[in-house]
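Structure record follows, encoded as structure tokens.
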Amino acid sequence: MDGNGRWAERRRRPRIIGHRAGARTVNICIDFCIARGIEALTLFAFSSENWGRPEDEVGALMKLFLNALEREVEELHRRGVRVRFIGERERFSEKIRERMAAAEQQTRNNHTLHLTVAASYGGRWDIAQAARSLAADVAAGRLAPDEIDEVLIASRLSLADLPAPDLFIRTGGDTRISNFLLWQLAYTELWFTELLWPELDATTLQRALDDYGNRERRFGLTGSQVAAALSNETVE
Ligand code: IPE
Ligand code: MG
């Protein structure tokens, strides 16, 4: 979700106004996913590196985050959204941590949409914490080093119970991953737009989906192998 600050600066307003506008876009995205039957949405709300921003901006973002947790969770629950948070939780205040845990607890049996909010998250942090947990098992004698493979590493990552993302959307004009889901994005289709996050709307999201639908995902295979697999699927 990139471009909140620039959106506000273009209007000669403080950056936090852009973050507030960005919070409204989150609802547009959730509505869009529910309407289209998209089952999982992962939002990159705050990166491990964002802690390094000026203190007043970090403080304002935390306030906004807490407000959103207080205001939105009930309605999300009513709509069947399962809410979860990934990232280094210890860095948040106790109040925010409690709200996160309460939201996860309240919505844990919902299935309409798996909403994951990546907060204080970094793809490198995720891989490091997976490595740490495997190393602890090895040290305790529960696991042999040669049992460690891609499947086992994936099982210790934050989104272990969800399929890898099909589509990655980044707003704000920059064409990079910026330490989002590094492992999980290996074969994800990437889609970039110049629009700033607060400008994102359902029409643009649909454009991204349409583009995605026109791509050929080969997962390292040849085009004809993929075509054959697809026609088998249709026959079955
Ligand atoms: C994204 O908007 C929101 C967060 C990272 C919290 P930015 O704050 O990065 O907005 P720009 O990139 O400065 O416009
Ligand atoms: Mg930015």
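The values are calculated or read from the model by the stated rules, or taken from the named source; none is laboratory data. Fair warning: this is a prediction, and the values are worked out from it, not measured in the lab. Don't worry about glycine lacking a Cβ; one is built from the backbone with ideal geometry, like all the others, and counts go over all protein chains shown. Please note that ligands, DNA and RNA were not included when accessible areas were found on the heavy atoms of the full protein model with its side chains. Shrake-Rupley method; radii C 1.70, N 1.55, O 1.52, S 1.80 Å.
Within the set of pairs 6+ apart or on separate chains, which have a first residue in region 192-204 that is under 7 Å from Trp7 (Cβ atoms), a second that is away from ligand 2 (no atom under 13 Å from the Cβ) and aliphatic (A, V, I, L, M), and C-beta atoms under 8 Å apart? Partner pairs satisfying both residue conditions: Pro198/Ala21.
A residue that is assigned to a helix (DSSP H, G or I), more than 19 Å from the chain's Cα centre (by Cα) and touching a residue at least 12 places away in the same chain (Cβ under 8 Å) occurs somewhere in region 104-115. Among residues of region 158-179 being within 16 Å of ligand 1 (Cβ to nearest atom), open to solvent by less than 20 Å² (accessible area, probe 1.4 Å) and of a type outside the set (Gly, Ala, Ser), the one that is farthest from Arg215 (Cα to Cα) is Thr171.
In region 11-32, the qualifying residues are those that are within 9 Å of ligand 1 (Cβ to nearest atom) and either in contact with a Leu (Cβ under 8 Å, 6 or more places away or on another chain) or open to solvent by less than 40 Å² (accessible area, probe 1.4 Å) (or both), and the one that is nearest to Leu205 (Cα to Cα) is Gly22.
Mind checking which residues of region 87-118 are in contact with a Ser or Thr (Cβ under 9 Å, 6 or more places away or on another chain) and surrounded by 19 or more Cβ atoms within 10 Å (Cβ to Cβ)? Listed by number, the residues that qualify are Gly87, Phe92, His114, Leu115, Thr116, Val117, Ala118. Can you spot a residue in region 16-23 that is more than 15 Å from ligand 2 (Cβ to nearest atom), farther than 30 Å from Ala128 by Cα and touching a residue at least 40 places away in the same chain (Cβ under 8 Å)? So far as region 16-23 goes, yes, one or more of its residues are more than 15 Å from ligand 2 (Cβ to nearest atom), farther than 30 Å from Ala128 by Cα and touching a residue at least 40 places away in the same chain (Cβ under 8 Å). Every listed requirement among (1) of a type in the set (Gly, Ala, Ser); (2) within 14 Å of ligand 1 (Cβ to nearest atom); (3) within 23 Å of Ala202 (Cα to Cα) is met by Ser48 save one, (3).
The single residue among Leu221, Leu162, Leu195 that is assigned to a loop (DSSP other than H, G, I, E, B), at pLDDT 95 or above and within 30 Å of Ile16 (Cα to Cα) turns out to be Leu195. For region 136-157, filtering for residues that are more than 19 Å from Arg124 (Cα to Cα) and surrounded by 15 or more Cβ atoms within 10 Å (Cβ to Cβ) leaves 2. Annotation: Val73 fulfils all but one of (1) more than 15 Å from ligand 1 (Cβ to nearest atom); (2) open to solvent by 30 Å² or more (accessible area, probe 1.4 Å); (3) not small (Gly, Ala, Ser); the unmet one is (2). Just to be sure, is Ile86 in contact (Cβ under 8 Å) with a residue 40 or more places away in the chain and more than 16 Å from ligand 2 (Cβ to nearest atom)? Yes: the conditions hold for Ile86.
Selection over region 33-63 of residues that are closer than 17 Å to Thr116 by Cα and surrounded by 12 or more Cβ atoms within 10 Å (Cβ to Cβ) gives a count of 13. Within region 150-189, track down each residue that is in contact with a helix residue (DSSP H, G or I) (Cβ under 7 Å, 6 or more places away or on another chain) and touching a residue at least 60 places away in the same chain (Cβ under 8 Å). Ser158, Thr171, Gly172, Asn179, Phe180, Leu181, Trp183, listed by residue number.
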